[in-house]
Amino acid sequence: MTRTETLLGRNPVTPRIALPLFAALLVLLGSGLAAQSLHRAANAALARVTEERLRGAGATAARTLEMPGMTAAQPWLRAVMEANGLEGAFIVGPDLVVLADATGPTGSRVDLLRVDVPKVRRALAGESTVALGWELGETKVATAYLPLKGPRGSVDRVLLLEGGEAMARRQKDLDRALVLAWILSAFAALAIAALTGQWVRTEGRRQALVARAAQGEAIARLGAMVAHEIRNPLTVISGNIELMRERDRGRLTRRDTEALDDFLDLSAERPLSGACIEVGPLLQEAARPWQENGLAVEVTAPGGLRLFGDYRRLRQVLLNLLVNAAQAGARRVQMQATADRGRVRVEVRDDGKGIPSAVRKRLFEPFVSSKPRGTGLGLVVSRRIVERQGGTLALLSGEARKTAFCIELPQPIEEKR
């Protein structure tokens with residue numbers, strides 16, 4: 001058992017699904033959480049930058065406002081607010097009365113929803129602070145509380161600077177970047193899943209080829225041993241058959257001659273004879289023995305349709321397909337021939353019990369059969385006969401009552417024109 005089988009089970013379907021999903025989830029979580037961590041760090045950095053900007057603007061404004069003779073505070077506060085992109089700038093006294101405001105009236109008490117009174121008290125004690133004070137819609141407003149000294153050198157006022165719009169714009173940019181990062185992570189996860197799935201399928205095919213090669217090697221060794229044991233008697237028998245055929249050439253029927261040739265095929269892959277064959281009569285002759293024995297075989301072929309191949313061997317292939325249909329319990333078989341782009345296509349369909357799904361993918365492998373006593377060689381030999389004549393033999397459907405095989409063979413050159 002391989003390590004993949006140990007982790008994911010012996011079922012070959014499990015790694016095809018679980019491994020790509022696991023890889024995709026790992027990529028999605030890894031990249032997404034990394035983006036989330038960067039987003040938090042950027043938010044913290046943005047808050048620090050906003051705080052430093054407010055502190056810097058406040059320190060400059062405080063030094064100016066503390067200068068002797070500074071009486072026009074409102075124009076200066078408006079200039080500070082516009083220069084730094086602030087939402088508000090005003091001065092309050094110890095009694096929480098607005099002494100100067102860049103955008104509003106003076107002489108009234110401050111709005112307690114905007115001002116943190118304890119921080120005002122701390123500023124009057126000489127401590128500068130910056131904190132989120134209130135929200136305007138979706139904009140979070142950060143407020144700086146800065147002490148202002150009077151002519152006697154003691155703190156008697158507090159400068160408040162409110163900033164949030166620029167911070168909010170950058171916050172929205174960071175949020176959009178986080179969403180984009182998650183979307184890109186999802187696409188990356190899908191790509192990784194696809195690549196991992198492709199690797200799993202390729203690895204599965206490779207392992208299947210390795211297993212098939214090992215099976216072929218074992219079969220080859222077995223065949224070599226069997227051939228060694230039967231070579232001498234088979235040579236004697238085949239020689240006698242050749243002699244018998246030559247002596248009785250005029251007295252043997254065509255069926256007897258074909259039977260002798262089939263026996264000789266056991267000893268070697270005999271040469272094929274190529275000729276132009278009319279498809280309709282070929283199908284009719286293959287169907288006739290079964291029609292005479294009660295199997296309903298329907299033959300459909302356009303008149304004059306011909307192919308190029310070995311008549312006797314192709315008849316053998318068709319007979320083999322009909323044998324399989326009869327052994328599967330079929331009562332009705334359809335044999336239909338058509339011409340398609342320079343090739344003849346013959347479909348053989350039956351209403352038998354079908355082919356088990358576990359056997360379908362390996363149907364054309366040696367010794368694979370759905371019948372209890374089947375040798376698993378009939379379809380292998382049939383496909384080899386068709387392929388040696390430049391054609392193909394494939395299973396179209398293995399479902400019950402819908403079993404279908406397809407033979408494709410080349411047309412004669414003059415037919416293609």
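Can you confirm whether residue 385 is closer than 26 Å to residue 294 by Cα, touching a residue at least 12 places away in the same chain (Cβ under 8 Å) and open to solvent by less than 40 Å² (accessible area, probe 1.4 Å)? For residue 385, the condition - closer than 26 Å to residue 294 by Cα, touching a residue at least 12 places away in the same chain (Cβ under 8 Å) and open to solvent by less than 40 Å² (accessible area, probe 1.4 Å) - is not met.
Please tell me if residue 275 is open to solvent by 30 Å² or more (accessible area, probe 1.4 Å) and more than 17 Å from residue 378 (Cβ to Cβ).
Numbers: open to solvent by 30 Å² or more (accessible area, probe 1.4 Å): yes; more than 17 Å from residue 378 (Cβ to Cβ): yes.
Judged against the criteria, residue 275 is a match.
For every residue, the table says whether it meets (1) modelled with pLDDT under 75; (2) out of contact with any helix residue (DSSP H, G or I) (no Cβ under 8 Å at 6 or more places or on another chain).
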position: 29; (1), (2): no, yes
position: 35; (1), (2): no, no
position: 41; (1), (2): no, yes
position: 51; (1), (2): yes, yes
position: 68; (1), (2): yes, yes
position: 72; (1), (2): yes, yes
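Kindly indicate the residue of the stretch 163-199 that is part of a helix (DSSP H, G or I), within 30 Å of residue 84 (Cβ to Cβ) and small (Gly, Ala, Ser) and also modelled with the highest pLDDT among those meeting that condition. Applying the filter and picking the extreme gives 177.
Given the conditions (1) within 42 Å of the chain's Cα centre (by Cα); (2) polar (S, T, N, Q); (3) surrounded by fewer than 18 Cβ atoms within 10 Å (Cβ to Cβ), which single one is not true for residue 284? Looking at each condition in turn, residue 284 falls short on (1).
At pLDDT below 80, open to solvent by 60 Å² or more (accessible area, probe 1.4 Å) and within 20 Å of residue 149 (Cα to Cα): is that true of residue 121 in this structure? So residue 121 does not fit the description; no. Evaluating residue 141 against the criteria (1) touching a Gly at 6+ places or on another chain (Cβ under 7 Å); (2) of a type in the set (A, V, I, L, M, F, W, C); (3) closer than 29 Å to residue 42 by Cα; (4) at pLDDT 80 or above leaves one unmet condition, (4). Within the stretch 283-301, the residues that satisfy the criterion of being of a type outside the set (Gly, Ala, Ser), within 14 Å of residue 337 (Cα to Cα) and in contact with a helix residue (DSSP H, G or I) (Cβ under 6 Å, 6 or more places away or on another chain) are 297, 299.
Any residue in the stretch 305-313 that is assigned to a loop (DSSP other than H, G, I, E, B), out of contact with any Ser or Thr (no Cβ under 8 Å at 6 or more places or on another chain) and open to solvent by 60 Å² or more (accessible area, probe 1.4 Å)? Checking the stretch 305-313: not a single residue is assigned to a loop (DSSP other than H, G, I, E, B), out of contact with any Ser or Thr (no Cβ under 8 Å at 6 or more places or on another chain) and open to solvent by 60 Å² or more (accessible area, probe 1.4 Å).
It is to be established whether one or more residues within the stretch 99-115 are at pLDDT 80 or above, of a type outside the set (S, T, N, Q) and either under 30 Å from residue 191 (Cβ atoms) or part of a helix (DSSP H, G or I) (or both). No. Taking first residues from the stretch 273-291 that are part of a helix (DSSP H, G or I) and partners that are of a type in the set (D, E, K, R), the Cβ contacts under 6 Å between residues at least 6 apart in sequence or on separate chains come to 286/315.
Cβ-Cβ contacts under 7 Å between residues 6 or more apart (or on different chains), taken from a first residue in the stretch 107-118 that is over 16 Å from residue 159 (Cβ atoms) to a second residue that is of a type in the set (S, T, N, Q) and modelled with pLDDT of 85 or more, are absent.
The values are calculated or read from the model by the stated rules, or taken from the named source; none is laboratory data. On a predicted model such as this, the values are computed, not experimentally measured, just so you know. For neighbour counting, all protein chains shown are included, and Cβ atoms are generated from backbone atoms with ideal geometry for every residue, glycine included. All accessible areas refer to the heavy atoms of the entire protein, side chains included, with ligands and DNA or RNA removed. Shrake-Rupley method; radii C 1.70, N 1.55, O 1.52, S 1.80 Å.
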